[in-house]
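Scroll down for the structure; my scribbles are underneath it.
The values are calculated or read from the model by the stated rules, or taken from the named source; none is laboratory data. These numbers were taken from a predicted model, which means no experiment stands behind them. Cβ atoms come from the backbone with ideal geometry, glycine included; neighbour counts cover every protein chain shown.
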Amino acid sequence: MSDTKRKLAAIVFTDIVGFTKLSSKNEPAALALLEKQRDLLKPLVEKNNGEWLKEIGDGLLLSFGTTRDAVDCAIEIQHLTKEIESLDLRIGIHQGEVVFQGSDVVGDDVNIASRVEPFAATGGIAISGRVNSSLERDPEFETKYLGTPDLKGVDQEVKVYCITSHGLPETIKSNVTAKLDKKGFQWNLKNSIGIAASTIGLLLVANVMFLKIGFADESEVPSIAILPLDNKGAEEDEFYAYGLSTDLISDVASAGLIRVASLKEIEELGDINFKEKAKRLLVRYVAQGTIWKRDDIFQLSMELYDTKNEQVLWSERWQKDWKDIPQVRGLLSDNILKVLRVDHDNNSPAHVSNPEAYEFYLKAKHKYMKPTNKDDIELAKGFLNKAIEIDDDLVDAKNLMGTILEDNGDIEKAMTYFSAALEKSKQLKYRKGEADSYLNISGYYYRKEDLETSKLNIDKALEIYEEQNDKDGIGKAYIVYATHYWKKNDLETAVEYDKKSLALYEELGDLEGVAINLCGIGIYYSDILKDYEGALAKYERAQNIFEENGYKRHMPYSLNNMVSIKLKTGNYSSAISHLEKLSRVVKELGYGEKVEQSQFNVISSVYTSMGKYKAAIMGLEKGLKVYENINDREMMAYCYAMLGMNHYLDENHEQVLDYLKKSRDISRKIRLTDNDLVIELYSNLTYKHLGQELDLTKLKDLIKETESFGYTTNLFLHQLFKDRVYLENAFIALEKKAEPMSGELKRQFLDFTIPKQIMTLYGKVIS
């Protein structure tokens, strides 16, 4: 036929999801949507060298000279239309021959393209094997094989894939009704669009039914990974997705009788498909969704998937006004728990009614949990102040503000927020907020060394957590109990609570809780069992968890404990390395100059032990400047005393007395006696070196008051008095220090300046 033309092309077939339903409810709106689709998409097709072949109902038939043009255009279409209300598309692409017969477009390959399209997710793109082959060589694209379905009316075998890169949603096979078509059903170009739209209508009905019949098994404890909401909006709106995700995970975990993967565990797995995530996290159920803020409207979607039975248990989509966003948290958690058959009280903070306040709270939480620099902590505090100012009922914001202040050492101000949070929680009958407040208050009294009041508050918190079956809260209470008993020196009871908490967090899959408990158990190994290697193994595992999962605010805990072991075993070089890392972390967290500098002081003392006196002096001078700026006289006195000692050891005798005098003057004004021994010992050693008269009265009194000294002090007492007993004491103290060491480590320790000097002198004396 003269009017028949054949053309090799990449064929694109589109379909508007839910169009049939929209048409039945609001025909003018449906017609307006078709007009909008035409106006938006025609320019994109032309830009990508495509042809607008035909509009069939709500669907489009397009052709392109190359598969790459077709794919690029399809991706642009999906990215553009996701911003348009109701214009949700599925797209199918196949490569083959297009036959033009007059005004009609026919051919097997056109039919294949129409049959591939229903295998796309909403907002996604499905492609045939031919198209996939052309993309395999391009690393920019990632695809997933869906299968080789029996495409009715198609004689050839067609493999179907979906594109998973470029922010496109992956097809969930259980959502694809096209593969369930009855035998003998014949597709053609005229009815394919209508059937596809009807299919989506059935799927919407099915989603409602899932809430009635698609429940989890009652025979097992549910396990779930709630994946972070995918922010489809602007980058600066990421805090909405992050904040809602963390709140949702917390609410579901707090319901009890359910194991919930932590957010950090999920994030650690990176960009892999949700089924693989479920497998690695050892969970059966996966909840995933998207959030997209457009002006004052939020578009949210969420689905709950059962990986065992490969089916969607629940799926829903909402459009919420900005003012309704605080209630979304409870809406999502209630639906998930209902489908998983988890009995729970509605314990979400329903009093959160002000969207502006909640927005500031989410911003603060994002800055606190994912800080990039120390300024983020100050920003978090500013956001929380605004949130509380707007909504005084926002309990979670008050507790978070108290926690941040406590982290920075301002415990009195922190207590005002914890107390306010407790009072407000009682008024609102917000039991979780009440328990969290009691737990925070117990920490305040712990720091005030009022252990009885501290324990009373822990008891109250635990009672509520157990009442709510909040396993995460119970685990936190166990940790605080352990800390309480550490303080009372009841280490056996302390470690039992650490072990109970550890078992609970391992059950919940909470790596953060696991790591915190490992630190406590490590102290037991170190201080009770004297198993330093076992303790170090616990600390190192905890540190790896903190570091790999971004729990930066807990890193000082493990690092400090690791330093303690390094110092106990004489591994000074490694101790220095960990101390420097600790100092950097403390600085990044914005814990304040004083806390930061305390790490330099420890580093300086280690350098002194190693005989690296100049390095010790440099660190102490840095510390002195900080303490002078904040007028911390106690630490100024300490720095001056240590500077005097290190200058003596470095043989800078002309500077020693000046530093020691400054330390003595400050110490007398504030009635501080901690530095007296250092001042008196090194003053007299310097007098002796300079040939000046000694005044040993006070030093002898200090010696009488003290039962024993370390090997360094005993060595210099020997040098001052020329008394053999001090040298023997130095040797005994040195042996005791070296006892837990072995092999090369012990040899290195004994080869340090002062230990070597003691060994040499003692060898001469006994010979």
Would you confirm, using the coordinates I've provided, whether GLY619 is at pLDDT 80 or above and in contact with a Ser or Thr (Cβ under 6 Å, 6 or more places away or on another chain)? yes
Of everything in region 513-543, what is within 19 Å of SER250 (Cα to Cα) and either touching a Gly at 6+ places or on another chain (Cβ under 7 Å) or surrounded by fewer than 21 Cβ atoms within 10 Å (Cβ to Cβ) (or both)? Give them in sequence order. GLY513
Residues ILE91, ILE77: which one is out of contact with any Lys or Arg (no Cβ under 9 Å at 6 or more places or on another chain), within 20 Å of GLU136 (Cβ to Cβ) and of a type in the set (Val, Ile, Thr)? ILE91
Any idea which of ALA113, ALA121 is within 30 Å of GLN319 (Cα to Cα), of a type in the set (A, V, I, L, M, F, W, C) and either in the same structural domain as LYS25 (by TED's automatic domain parsing) or under 36 Å from the mean Cα position of the chain (by Cα) (or both)? ALA121
Name every residue in region 52-64 that is touching a residue at least 40 places away in the same chain (Cβ under 8 Å) and more than 24 Å from GLU142 (Cβ to Cβ), in order of residue number. LEU53, LYS54, ILE56, GLY57, ASP58, GLY59, LEU60, LEU61, SER63
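Do the conditions hold for ILE732, that is, is it out of contact with any Leu (no Cβ under 7 Å at 6 or more places or on another chain), of a type in the set (Val, Ile, Thr) and modelled with pLDDT of 80 or more?
Answer is yes for this residue.
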Tell me which residues, restricted to region 655-685, are among the polar types (S, T, N, Q) and not in a helix (DSSP H, G or I). THR673, ASN675
Filtered residues of region 49-63 (kept if more than 46 Å from the chain's Cα centre (by Cα), among the acidic types (Asp, Glu) and closer than 22 Å to ALA30 by Cβ): GLU55
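Tell me, which residue of region 461-518 that is assigned to a loop (DSSP other than H, G, I, E, B) and among the charged types (D, E, K, R) is farthest from LEU536 (Cα to Cα)?
In this case the residue turns out to be ASP470.
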Those residues that are more than 23 Å from the chain's Cα centre (by Cα) and either in contact (Cβ under 8 Å) with a residue 60 or more places away in the chain or assigned to a helix (DSSP H, G or I) (or both), I need them from region 388-408; list them, please. ILE388, GLU389, ILE390
For region 114-152 the number of residues that are without any contact (Cβ under 8 Å) to a residue 12 or more places away in the chain and either assigned to a strand (DSSP E or B) or farther than 27 Å from LYS232 by Cα (or both) is 3
Can you tell me which residue within region 15-48, out of those that are of a type in the set (D, E, K, R) and surrounded by 12 or more Cβ atoms within 10 Å (Cβ to Cβ), is farthest from ARG68 (Cα to Cα)? LYS21
Residue identified as of a type in the set (A, V, I, L, M, F, W, C), over 29 Å from SER133 (Cα atoms), in contact with a Ser or Thr (Cβ under 8 Å, 6 or more places away or on another chain) and modelled with pLDDT of 85 or more among LEU22, LEU40, LEU53: LEU40
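For every residue, the table says whether it meets (1) under 19 Å from THR608 (Cβ atoms); (2) without any contact (Cβ under 8 Å) to a residue 12 or more places away in the chain; (3) within 45 Å of the chain's Cα centre (by Cα).
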residue	(1), (2), (3)
LEU685	yes, no, no
GLU705	no, yes, no
ASN714	yes, no, no
PHE731	no, no, no
GLU744	no, yes, yes
MET759	yes, no, no
All but one of (1) touching a helix residue (DSSP H, G or I) at 6+ places or on another chain (Cβ under 9 Å); (2) modelled with pLDDT under 80; (3) farther than 23 Å from GLY233 by Cα hold for LEU282; state the number of the condition that does not hold. (1)
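Return the only residue of LEU734, LEU702, LEU720, LEU745 being among the aliphatic types (A, V, I, L, M) and under 21 Å from HIS647 (Cα atoms).
From the options LEU734, LEU702, LEU720, LEU745, the qualifying one is LEU720.
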Restricted to region 425-444 and to residues being surrounded by fewer than 20 Cβ atoms within 10 Å (Cβ to Cβ) and outside any loop (DSSP other than H, G, I, E, B), the residue nearest to the chain's Cα centre (by Cα) is ARG431
Answer yes or no: is there a residue in region 686-704 that is in contact with a Lys or Arg (Cβ under 9 Å, 6 or more places away or on another chain) and assigned to a helix (DSSP H, G or I). no
It is to be established whether one or more residues within region 635-652 are surrounded by fewer than 17 Cβ atoms within 10 Å (Cβ to Cβ), part of a helix (DSSP H, G or I) and not hydroxyl-bearing (Ser, Thr, Tyr). no
Matching residues in region 530-552 - criterion: being within 11 Å of the chain's Cα centre (by Cα), farther than 11 Å from LEU582 by Cα and part of a helix (DSSP H, G or I): ILE545, PHE546, GLU547, GLU548
Find the residue count for region 606-634, including only residues that are outside any helix (DSSP H, G or I) and surrounded by fewer than 19 Cβ atoms within 10 Å (Cβ to Cβ). 4
